[in-house]
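In what follows, a structure is listed as structure tokens, so that the remarks can point back to it.
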2 protein chains.
Amino acid sequence: MLATAFTADTAYAVRGEDRPNNRAPAPDALAQRLADGTVRTFEGKEHIYREGDVAAHVYVVEVGHVCIYKMLPDGRRQVIDFAYPGDLVGLGAMGEHKCSAQATSRTRVRGIPLASLHQIARTDGRLGVKLYEAVSRELQATRELLFTVSQRNAMERVAAFLLAISRRCERNGEDPLEFVLPMTRSDIADFLGLTIETVSRTFTRLRVDRLIDLSQSVLVTIVDHEALARLAESKGH
Amino acid sequence: MLATAFTADTAYAVRGEDRPNNRAPAPDALAQRLADGTVRTFEGKEHIYREGDVAAHVYVVEVGHVCIYKMLPDGRRQVIDFAYPGDLVGLGAMGEHKCSAQATSRTRVRGIPLASLHQIARTDGRLGVKLYEAVSRELQATRELLFTVSQRNAMERVAAFLLAISRRCERNGEDPLEFVLPMTRSDIADFLGLTIETVSRTFTRLRVDRLIDLSQSVLVTIVDHEALARLAESKGH
DNA sequence: CGTCCCGTTGAGGCGGTTCAAAGTGCGTGG
DNA sequence: CCACGCACTTTGAACCGCCTCAACGGGACG
């Protein structure tokens, strides 16, 4: 009965990116459930689930990173989110998954059976509310991405992307100014609605302009955070 | 406590666009609550609420249409959704609204106090679950829009937009092949991530190519639904 | 050492934007 | 009732940012 109502996968955020002062991400009622579940490990490029698969679990990322995306029959792809450790993946898709989830590298996840989650939610209102909040945050994030893709140019998009990754690293207790990009240029391109060439050129441009450093193509150092933020927020001037 | 957790407004769909055979939109537990509430009427261009306002109610659109949007300081705007009669507006924003909601013409809405909604949800798990489902559907819709804006060209976007409106009209028991657009070209442009000129040119192109008819600029008649659907789905060929 | 995958760089074309102007519908006041 | 103003839409012309196509470079792996 719930099954037919859910239409979307959710790689949302127990994380709560952009909630102020939030380092203990998983909300109480939910957190209890998330401690259960069985651990599975996926290699890079391996799929945790695919569009159309029956959805039986949600997954908490413990180690590694997951790319959530949707395909169009003609091959066009939209990357919807990148899940970092602590993030929850696959919520909101009971009948069948509407997105695919692919590990970008060796990734360990904890699978929580959806059945138990929903059973509890029906009797304990608090969990239902928590799920609601969780999806609301995911919705907020998706609208932010919509704004970025719809209104900003290539430079602004890449700047906003880097800052978002930086914030996630900070949340996870890593260096927010020097981090490894766990996804390919192709993933970034399909996330931002650009081509890999444009993404590559924009990275180069940011490096030449001394806003970032790229000793390796996957290793980003933010040199001028201020300027990057200015780029991401306003158009040019 | 809930207040701090919600981050997003929701102009979601009790509507359930794209749920198969769904004409009785409001799900039971939710529907009861929605029968309560006080009615208010807004003129065209009037705001039901603005970004930053304290969020005290959700609103069910009864008559008219509402445009949900977000602004950037530099004036760029992203329209997130158009709410039709039967749609719910403002869910998911307890502390303060993160979007603005503006009536596109004289509009009657029914305001439901959030306080009562959340109180009930905490004790009755079913309502919480319903809210969860509702936001999940909204998330699904936003991802669909993200895909459209990110991956499709102007012609495909406008075609997809017209088909979406057509489906909404059908759901509301109106003619799906001839309908009035309750929003301006500017609203459509900011929804699809285009300029008004491009939207206008694309409409003209669709008219010249005999896919639609435009006796007045707001009155759309779908002439070749087949071709329109082909346009919206695949790229050219 | 060759192959494959990924990232980078270059040249050229095109779709959508920008800037500008004319057209259309509608309410308001003379 | 008509004239006017205003907001919205349409159309045109020129420009530009991103895409497309193509080639090259570098690291991983057999």
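When every residue of segment A:187-199 is checked against the conditions, none turns out to be part of a helix (DSSP H, G or I), within 16 Å of DNA strand D (Cβ to nearest atom), farther than 23 Å from A:L88 by Cα and touching an Asp or Glu at 6+ places or on another chain (Cβ under 8 Å). The residues of segment A:187-237 that are polar (S, T, N, Q) and within 14 Å of chain B (Cβ to nearest Cβ), listed by number, are A:T195, A:T198, A:S234. For the structure I just gave you, tell me whether B:A160 is more than 29 Å from A:T123 (Cα to Cα), at pLDDT 90 or above and aliphatic (A, V, I, L, M). Considered against the rule, which asks whether it is more than 29 Å from A:T123 (Cα to Cα), at pLDDT 90 or above and aliphatic (A, V, I, L, M), B:A160 comes out as yes. The residue of segment A:154-186 that is farthest from the other protein chains (Cβ to nearest Cβ), among those that are near DNA strand D (Cβ under 9 Å from one of its atoms) and either in contact (Cβ under 8 Å) with a residue 60 or more places away in the chain or crowded, with 21+ Cβ neighbours inside 10 Å (or both), is A:M155.
Residue check: is B:L127 within 15 Å of the chain's Cα centre (by Cα) and surrounded by 24 or more Cβ atoms within 10 Å (Cβ to Cβ)? No, not satisfied. Taking the criterion of being more than 10 Å from chain B (Cβ to nearest Cβ) and of a type in the set (D, E, K, R), the residues of segment A:70-100 that qualify are A:D87, A:E96.
Inside segment B:133-147, residues that are within 16 Å of DNA strand D (Cβ to nearest atom) and within 15 Å of the chain's Cα centre (by Cα) make up a count of 1.
Look through B:V66, B:V79 and report the one residue that is of a type in the set (V, I, T), in contact with a helix residue (DSSP H, G or I) (Cβ under 6 Å, 6 or more places away or on another chain) and at pLDDT 95 or above. That would be B:V79, the only listed residue that is of a type in the set (V, I, T), in contact with a helix residue (DSSP H, G or I) (Cβ under 6 Å, 6 or more places away or on another chain) and at pLDDT 95 or above.
The values are calculated or read from the model by the stated rules, or taken from the named source; none is laboratory data. Note that this is a predicted model, so its numbers are computed, not measured. Neighbour counts run over all protein chains shown; Cβ positions are idealised from the backbone, glycine included.
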